[in-house]
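Right, one structure below, let's go through it.
Readers should treat all values here as calculations from the given coordinates under stated rules, not as data from a laboratory. Treat the numbers as computed from the prediction; the structure is a model and nothing was measured. All Cβ positions, even for glycine, are placed from backbone atoms using ideal geometry, and neighbour counts span all protein chains on display.
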Amino acid sequence: MVRHQPLQYYEPQCLPACRWKRYQRSHDDTTPWERLWFLLLTFTFGLTLTWLYFWWEVHNDYDEFNWYLYNRMGYWSDWSVPILITTAAAFTYVAGLLVEGHLVLPHPGMFSPDPMGAIPPLRPTADFLFQDLLLWSQTQVLALCHIAVGQQMNLHWLHKIGLVVVLVATVVAMSAVAQLWEDEWEILLISLQGTAPFLHVGALAAITALSWIVAGQFARAERSSSQVAILGTFFAVVFTLYLAPLTISSPCIMEKKDLGPKPALIGHRGAPMLAPEHTLMSFRKALEQKLYGLQADITISLDGVPFLMHDTTLQRTTNVEEEFPELARRPASMLNWTFLQRLNAGQWFLKTDPFWTASSLSPSDHREAQNQSICSLVELLELAKGNATLLLNLRDPPREHPYRSSFLNVTLEALLHSGFPQHQVLWLPNRQRPFVRKVAPGFQQTSGSKEAAASLRRGHIQWLNLRYTQVSRQELRDYASWNLTVNLYTVNAPWLFSLLWCAGVPSVTSDNSHTLSQVPSPLWIMAQLGMR
């Protein structure tokens, strides 16, 4: 008589990593190969966290980034937000792998007998796949808990591929920024001046929360050398964290009574978040905010009329591509003023929405923006006369331009004949300064080059116009001692504005003046308790 043992059904043992119960390996040591993957996962987590932090802090310069890509690619698109979303998704995925567990999907021995001789029932392969996917979705556990309770860690091969893809993509992105936008990495150090105290508190909380895992690993370590290594590493990290405040330096660590006046605000091309840049509407919106000044770029038309335009061509900020596509890439200064007046300079703002603010416009502002035209210098002077200081920059016309040798004189003539107060003009062009000082002695000569204070004063410079990454607190004090006023551009984020306020910056140029004008004080000020 043949005796048959009853068929045995196997239950998944899902706490550690969804291995099937018959393997009895959930408490085996993690293999060296899986330990290597865990280290790679931890490294990728730190790298993507750094990249996400960088890309979040750099939102002050998103427009600059888009402008850089526009110059290289020839068409305007907002690349900053998609990159931020992609970065956040990659970080979330890696954090999920680190926090939600290492998954493994071993098939439960479709035809292999168990140690007792029982044979699992045969089922279709699709059924196995379905159960695997079901287990995959139902058995997410904490990877750190795996370590804490001594469970074996196994990363599924699909996640290994995903991890490598994220790591390579992040390294490529960071390398590209390092090569193409090298100066922007300085914002990391600047941002740490504002976030370091809070990051330090968070790091202390994290290391405290991880201490129980370290204690568990110490207790399970079989060799004294392993125990020494675990405790030594842990206490080295703790010791470093407790000494970290000695390295934290921020202009906002100060007594509140020592805080200087709020930096004056200069509208960058008007108020470009509320209206199309360099239009009368944009400058009017800026004046409504009671700003100290307005910044503008001056170009001269083919027939000698100074007008306001930042770009070399009309492609980005007018409808020339729709109306006259053959002229889209022609220099704007090679067209007559009568033709330029026919172009619409507002529809692009509503269409591309460069600052994601067009939807917030009122119906009347929406209609006004839609009907804006290119603004002439004379129109700006009439609008701003007696209301604001003007920070003016000149764009050189092409070599074949009929006013190539005299565009400076034409611009000066327009300024002087308008009756605009000379002392309210910050003159940025470096060409023919002695001549400019002679015909317009009231202009405040402004330099865009960082030089020694003594050299600047010898050149009769009164203002410096620099990027916010180009000057330190000590240099600000040195320039102030030489009676040089420093204006920094382009400052849009409240956290950056707060840091510069604490540092004693006299004025900033901003696209976001409507927000910064409402900032009543720095976001935080921390007194140096116990350090006096």
* To do: Using Cα positions and a limit of under 17 Å, work out the aspartates and glutamates in reach of K438, with same-chain residues fewer than 8 apart set aside.
  => E413
* Asked: So which lysines can K160 reach, going by Cα to Cα under 16 Å and dropping same-chain residues fewer than 8 places off?
  -> none
* What net charge is computed for the residues neighbouring N487, neighbours being all others with C-beta under 13 Å from the C-beta of N487, Lys and Arg scored +1, Asp and Glu -1? -> +2
* Structure fact -> Ordering 294-305, 478-489 by per-residue average of other C-beta atoms within 10 angstrom, highest first, gives 294-305, 478-489
* Please sort 456-462, 406-412, 203-209 by packing, taking for each peptide the average over its residues of neighbouring beta carbons within 10 angstrom, highest first. => 406-412, 456-462, 203-209
* If Lys and Arg each add +1 and Asp and Glu each add -1, what is the summed charge of the other residues whose beta carbon sits under 13 Å from the beta carbon of T318? -> 0
* Cross-link reach list, lysines versus K351, counting only Cα pairs under 29 Å and skipping chain neighbours closer than eight places -> K285, K290
* What is the local net charge at D63, summed over the other residues whose Cβ is closer than 11 Å to its Cβ (Lys, Arg +1; Asp, Glu -1)? -> -4
* With each label point set 7 Å from Cα along the Cα-Cβ vector, what nm distance links W67 and V201? -> 3.6 nm
